[in-house]
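**Q** Next up is a structure, given as structure tokens.
The values are calculated or read from the model by the stated rules, or taken from the named source; none is laboratory data. Worth saying up front: this structure is predicted, and the values here are computed from it rather than measured. Don't worry about glycine lacking a Cβ; one is built from the backbone with ideal geometry, like all the others, and counts go over all protein chains shown. Heavy atoms of the whole protein, side chains included, go into the accessibility calculation; ligands, DNA and RNA do not. Shrake-Rupley method; radii C 1.70, N 1.55, O 1.52, S 1.80 Å.
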Amino acid sequence: MIRWQIPLVMALTLTAAGAARAESADRDKPLNYEAASGECDDLQQVCVLVGDVVLVKGTMRATGDRVQIRKDPDGYQYGVIQGAPGKVATFRQRRDSSQPGTEEYVDGSAERIEYDEKSDTVKLTSRARVRLLQNDVPRDELRGDAITYDQRNSRYFVSGG
């Protein structure tokens, strides 16, 4: 098992509905990950991790079989996490609560999950599912071939299936 802590920052966040957003403190947390194997190129600003990948950034936890993380020259970061053949990648992240005394989480899965820091979007593709949980009780659920969440405008788009 290989474990790393890197300065590349990737937050696979998704907010299904309402005013609550991903835990704001997560933005400043380092990205820690472990995988069976991996390769990072500091000159190209790309990391590829393979085999039982676990990413943790603050309250966000994502799992999959393969992850590619890259950083562009302007400092924006992008991530793609894929499930093993026939399986899905997953993520879970705490949200800033919209109601005192409640804990809210976003829980999602898809064969492929993409995060684009520059456009502030998360896209789940193939067997996509997103659930909003309040105190670990499901409140809302979305399913489709693709789910895209625009974090800047608090909107989500579901297509297919």
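**Q** Pairs needed: first member in the stretch 62-85, within 16 Å of N32 (Cα to Cα); second member anywhere, of a type in the set (D, E); C-beta distance under 6 Å; at least 6 residues apart or different chains.
**A** Between residues of the stretch 62-85 that are within 16 Å of N32 (Cα to Cα) and residues that are of a type in the set (D, E), the close pairs are Q77/E117; Y78/D116; V80/E114.
**Q** Here's a check for you: in the stretch 86-99, which residue that is of a type in the set (D, E, K, R) and part of a strand (DSSP E or B) is least open to solvent (accessible area, probe 1.4 Å)? Show your work before the answer.
**A** Keep residues of the stretch 86-99 that are of a type in the set (D, E, K, R), which gives 87, 92, 94-96.
If we keep only those that are part of a strand (DSSP E or B) as well, we get 92, 94-95.
Details: R92: 74, R94: 71, R95: 6 Å².
Ranking the qualifying residues of the stretch 86-99, first place goes to R95.
**Q** State the number of residues belonging to the stretch 65-118 that are under 22 Å from V53 (Cβ atoms) and either among the polar types (S, T, N, Q) or in contact with a helix residue (DSSP H, G or I) (Cβ under 7 Å, 6 or more places away or on another chain) (or both).
**A** So the answer is 6.
**Q** Moving on. Considering the stretch 54-76 alone, what residues qualify as being in a strand (DSSP E or B) and either over 19 Å from K123 (Cα atoms) or of a type in the set (S, T, Y) (or both)? Don't jump to the end; show me each part of the working.
**A** Within the stretch 54-76, the first condition is being in a strand (DSSP E or B), and the residues that meet it are 54-57, 60-71.
Result: T63, single match.
**Q** Exactly one of these conditions fails for G83: (1) over 19 Å from K29 (Cβ atoms); (2) buried (at least 22 other Cβ atoms within 10 Å of the Cβ). Give me its number.
**A** Exception for G83: condition (2).
**Q** Shifting gears a bit: Looking at T121, T102, T59, T63 in this structure, which one is among the polar types (S, T, N, Q) and farther than 23 Å from P30 by Cα? Steps first, please.
**A** Values: T121 fails: farther than 23 Å from P30 by Cα; T59 fails: farther than 23 Å from P30 by Cα; T63 fails: farther than 23 Å from P30 by Cα.
Result: T102 is the single residue among T121, T102, T59, T63 that is among the polar types (S, T, N, Q) and farther than 23 Å from P30 by Cα.
**Q** OK, next. Can you name the number of the only condition in (1) open to solvent by less than 40 Å² (accessible area, probe 1.4 Å); (2) assigned to a strand (DSSP E or B) that T102 fails?
**A** With respect to (1) open to solvent by less than 40 Å² (accessible area, probe 1.4 Å); (2) assigned to a strand (DSSP E or B), T102 is out only on (2).
**Q** Residue check, V122 against (1) surrounded by fewer than 20 Cβ atoms within 10 Å (Cβ to Cβ); (2) in a strand (DSSP E or B); (3) not small (G, A, S), all met but one. Which one?
**A** (1)
**Q** If a residue has to be modelled with pLDDT under 85 and crowded, with 18+ Cβ neighbours inside 10 Å to count, how many in the stretch 105-116 make the cut?
**A** Taking the stretch 105-116 and keeping what is modelled with pLDDT under 85, we get 106, 115-116.
Pick out the ones that are also crowded, with 18+ Cβ neighbours inside 10 Å and you get 106, 115.
Counting residues in the stretch 105-116 that are modelled with pLDDT under 85 and crowded, with 18+ Cβ neighbours inside 10 Å gives 2.
**Q** A further question on this structure: I'd like the full set of residues that are under 12 Å from the mean Cα position of the chain (by Cα), open to solvent by less than 30 Å² (accessible area, probe 1.4 Å) and either at pLDDT 90 or above or not basic (K, R) (or both), limited to the stretch 55-76.
**A** L55, M60, A62, G64, V67, I69
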